Amino acid sequence: MRPEVTTAHVTDACLRAGVEVRAVSVRSVAPGGRVFGRVLPARHAGSVDVFLEAFESAEPGDVLVVDNGARLDHACVGDLVVLEAAAAGVSGVLVWGLHRDTADITAIGLPVFSLGAIPTGPLVPEVRPSDALESAQVGPWTVTRDDVVFADDDGALFLPADRAEELAELAFGIRETERAQADRIRSGVTLRSQVRFDAYLAAREANPSLSFREHLRTVGGAIEE
């Protein structure tokens, strides 16, 4: 993923390309975290063995995506798992649940995203599903090795791997349009004038069903997609 592009840009690219937006709100353990790579799924069941097994088949640049059912009663990933992920060539970790060992994880430097932190580790072992390494449920989305994940300070976004390059290029174009608009605002040209907002209001008066997004497409504005 281009370094200039954010998850917000790629989300807008998905809208423009007709690709389902699969986004979740997670936080980077260290501010400024950013990761992009193929999904390496693992469903947690009270023990780290599932992560160690996932690392056996990891390829450089993969992102470990941990499904812990968004549980908030314990952490399922700590510093040892993150260190092992780095040793396996994994480029980052996304936890649909909580982490612990925040200071140590920050010192390791591998990007880690989660729903937050708690000092408690897994409380009891659980029955591990037979397909624990085949997919992960993250929010409403089921993700597999056919997906890539892109995460930054705004959250995480899952994309079909076979469309990631196309979406990255489209996102870069949206980013360039937005940067140009921002520069013009700073120079004194309001966003309202740039997007011909007066014309939109007049057109909406004649056609109440006209959406602002439709108008933006006619004037080349990015903003909403």
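The values are calculated or read from the model by the stated rules, or taken from the named source; none is laboratory data. Computed from a predicted model, the values in this text were never measured in an experiment. Ideal geometry is used to build each Cβ from the backbone, glycine not excepted, and the neighbour counts take in all protein chains shown.
Looking only at the stretch 176-206, count every residue that is over 24 Å from Val10 (Cα atoms), at pLDDT below 90 and polar (S, T, N, Q) and tell me the total. Residues flagged as over 24 Å from Val10 (Cα atoms), at pLDDT below 90 and polar (S, T, N, Q) within the stretch 176-206 amount to 1.
Among residues of the stretch 120-137 that are not assigned by TED's automatic domain parsing to the domain that holds Asp73, none has a Cβ under 9 angstrom from a residue that is in a strand (DSSP E or B) and of a type outside the set (A, V, I, L, M, F, W, C) at a sequence gap of 6+ or on a separate chain. Here the stretch 82-113 is the region considered, the condition is being surrounded by 23 or more Cβ atoms within 10 Å (Cβ to Cβ) and β-branched (Val, Ile, Thr), and the residue that is nearest to Gly46 (Cα to Cα) is Val95.
Comparison of Val77, Val112, Val65, Val81 shows that the only residue that is in contact with a Phe, Trp or Tyr (Cβ under 7 Å, 6 or more places away or on another chain) and of a type outside the set (Asp, Glu) is Val81.
Yes or no, residue by residue, for (1) on the phi < 0 side of the Ramachandran plot; (2) outside the structural domain of Ala136 (by TED's automatic domain parsing); (3) of a type in the set (D, E, K, R):
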| position | (1), (2), (3) |
| --- | --- |
| Arg2 | yes, yes, yes |
| Ala13 | yes, no, no |
| Ala17 | yes, no, no |
| Val21 | yes, no, no |
| Ala30 | yes, no, no |
| Arg34 | yes, no, yes |
| Arg38 | yes, no, yes |
| His44 | yes, no, no |
| Ser47 | yes, no, no |
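Please verify whether Asp153 is more than 24 Å from Glu53 (Cα to Cα), among the charged types (D, E, K, R) and not assigned by TED's automatic domain parsing to the domain that holds His99, treating the condition exactly as stated. Taking the combined requirement at face value, the residue does not satisfy it. Which residues, counting only those in the stretch 4-28, are farther than 17 Å from Thr177 by Cα and within 14 Å of the chain's Cα centre (by Cα)? Result: Glu20, Val21, Arg22, Ala23, Val24, Ser25, Val26, Arg27, Ser28.
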